[in-house]
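Worksheet for the structure shown next.
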Amino acid sequence: MAHDHDHHHDHPDHADGSSLTPIEARVRALESLLLEKGYVQADALDALVEMYETRIGPHNGARVVARAWTDPAYRDRLLADGTPAIAELGIGGRGGEHMVVVENTADSHNLVVCTLCSCYPWPVLGLPPVWYKAPPYRARAVLDPRGVLAEFGLTLPEATRITVWDSTAETRFMVLPLRPAGTESLTEAELAALVTRDCMIGTGLPLAPETAQ
Amino acid sequence: MNGAQDLGGAHGFGTVMPEANEPVFHAEWERRVFALALAVGYTGTWTLDGSRAARESLPPAEYLSSSYYEIWLAALEAQVVAHGLATQEEIAAGASAGPASPVKRVLRAEEIPPRFSAGFPSDRPPDAPALYAVRDPVLTRNDHPIGHTRLPRYVRGRRGVIERVHGAFVLPDASAQGREAPPQWLYTVGFEATELWGASADPGGRVTVAAFEGYLLPGAAS
C-alpha cells in the first residue's frame with residue numbers, strides 16, 4: 001500500500017522527500033515497510049496521533065481534581081479506588097488501567113516519577129513531557145526531591161513530608177493537590193482551570209485564582 | 001537488567017529543564033514513531049514489557065545519548081527483526097522483499113476509540129492468596145537478573161513496609177520474554193528515604209515502589 005500522506009509539516013521545502021534528515025529518512029523507511037507488509041494501517045496511525053495530540057491531556061485530570069475538590073463523596077471514592085472514580089467522568093483507558101490517586105495535605109506532598117522508563121497516567125495527563133522522560137528527573141526525583149522541586153520553583157516548608165511514587169508497575173499515579181485558598185466561590189469549571197499538569201505530577205501547585213484570571 | 005534505564009539515584013545528569021508550553025511532539029517523525037510503536041504493539045507480536053525490555057537493552061552509551069523517540073525507534077526496529085516481521089535489509093530499504101508474517105490482529109482506525117478507552121488491564125485472577133498484608137515489614141531481594149525486571153537497583157536489599165495490596169498482575173519479568181507465568185501479587189512498598197540514601201536523606205521523606213511478590217522476602221519488624 002502506498003503511503004502518500006505528506007508527513008513533512010516541519011520541512012515544507014522538502015516535500016519531495018529528497019532532503020530528509022537521517023532520522024526522518026529512517027522513520028519513513030520503517031513506516032513504508034510496515035504499511036506495505038500490512039502490519040499497520042495509515043488511517044489508524046493518523047488517528048492515534050490525533051487522539052493523543054489533541055484529545056487526551058491534562059484537561060482530563062483537571063476535571064477529576066475539580067470534581068474531587070467540590071464533591072467530598074467523589075473525593076473519597078477517588079482516593080479509595082482511582083480507576084472507577086475517574087471512569088465516572090468518562091475518562092480512562094490505555095496507560096491508566098490501574099490508577100492510584102494520592103492526596104496532598106497541609107503537611108504532606110506527593111511526587112510522581114518513573115525511574116525505569118516513562119510510566120505516566122495517559123488518560124488523565126496525556127503523554128509525558130520530555131523532562132519527565134529524561135535522565136535528570138528520573139535520576140534525582142527519588143534521591144533529592146526537594147532539590148528537584150526547587151528547579152520547578154517550588155520550595156516546600158521543611159516540615160512538609162515528601163513521598164515519591166516510583167511508577168514501577170502498571171499502577172499509575174496522579175496527585176490530588178490541595179485546593180487553593182480563596183476559591184470558595186468558584187465553579188467546578190473555574191476550579192479546573194487552576195489545575196496544571198505539574199500539580200498533578202507533584203512538581204507544582206495549582207494556580208492561584210488571581211493568576212488564572 | 002542493570003541497564004542504563006535504571007536511573008534512580010544517579011548523579012551527574014544535571015538539572016531538570018522544563019520547557020514552557022511544550023508541544024506533545026517536537027517533530028513529525030516523533031508522531032510517526034509513537035503511532036507505529038502503538039500500532040505494531042497492537043498486533044500482539046510482543047508485549048508492552050517486551051518493548052520496555054528492547055528499549056533498555058540498547059547499549060548504555062546509545063541509550064543515554066538518544067532522545068526518547070530515538071530510543072523507541074531503535075527498539076522498534078530491533079523488535080521487528082527479532083520477531084521476524086521483517087529483515088534488517090527490508091528496514092534499510094524501506095520496502096518489502098518477501099511475504100508478511102501472520103500477526104494476531106491489525107489495528108483499524110475505528111477500533112481505536114473503544115479499544116484504547118477500555119485499555120489493556122494487566123490484573124489477572126490470583127491463583128494463590130497474597131503472602132503479605134498492609135503494614136507487613138518486607139525485605140526486597142538483592143537479585144540482579146539479566147533479563148527485564150521492575151525492581152530498581154536503588155531499592156534492592158532494602159527494608160520497607162507493605163502500604164497497599166493491588167491484586168495479582170501479569171509478571172513483567174516473564175511477559176517481556178513472551179513467557180507464560182502465574183500472575184503475581186503486586187504491592188505498594190514504602191521505604192524511609194534514610195533506608196535508601198542514608199543519613200543525609202530528606203528527614204521524613206519516603207519513597208514507594210510497586211513491587212511484585214517475587215521481589216520480596218518477609219522482613220523483620222524494626
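The values are calculated or read from the model by the stated rules, or taken from the named source; none is laboratory data. Since the model is a prediction, treat every value here as computed from it, not as a measurement. In this analysis, Cβ positions are derived from the backbone assuming ideal geometry, glycine residues included, and neighbour counts consider all displayed protein chains. Side chains included, ligands, DNA and RNA excluded: accessible areas come from the protein's heavy atoms. Shrake-Rupley method; radii C 1.70, N 1.55, O 1.52, S 1.80 Å.
Tabulated data
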quantity	calculated
Residue among B:Tyr68, B:Leu38, B:His26 farthest towards the positive dipole end of the range B:17-83, charges placed on Cβ	B:Leu38
Assigned charges on the beta-carbon of Lys, Arg, Asp, Glu; the range B:1-141 dipole about Cα centre (debye)	440
Folded to 0 to 90 degrees: helix A:22-37 orientation relative to chain A principal axis, Cα	80
Residue of B:Pro203, B:Pro129, B:Pro18 that the Gaussian network model of chain B assigns the largest fluctuation, springs spanning Cα pairs under 10 Å	B:Pro18
Between the range B:130-161 and the range A:134-213, the Cα center-to-center distance that results, in Å	27
Charge dipole (debye, nearest 20) of the protein assembly as shown; +1 at Cβ of Lys and Arg, -1 at Cβ of Asp and Glu	1200
Label-point separation in nm, A:Ala208 to A:Ala80, each point 7 Å along Cα→Cβ	3.7
Helix runs (DSSP H) in chain B reaching 18 Å along axis by Cα, Kyte-Doolittle at least -1.0	B:28-42, B:68-82
Per DSSP, loop chymotrypsin sites (Phe, Trp or Tyr not before Pro) in the range B:36-79 with at most 15 further Cβ within 10 Å	none
Orphan Cys of the protein assembly as shown, criterion: no other Cys C-beta under 4.7 Å	A:Cys117, A:Cys199
Only Lys, Arg (+1) and Asp, Glu (-1) charged, at Cβ; the range B:146-222 dipole about Cα centre in debye	120
Solvent exposure, largest accessible area first (probe 1.4 Å, DNA, RNA and ligands not counted), of A:Trp165, B:Trp185	B:Trp185, A:Trp165
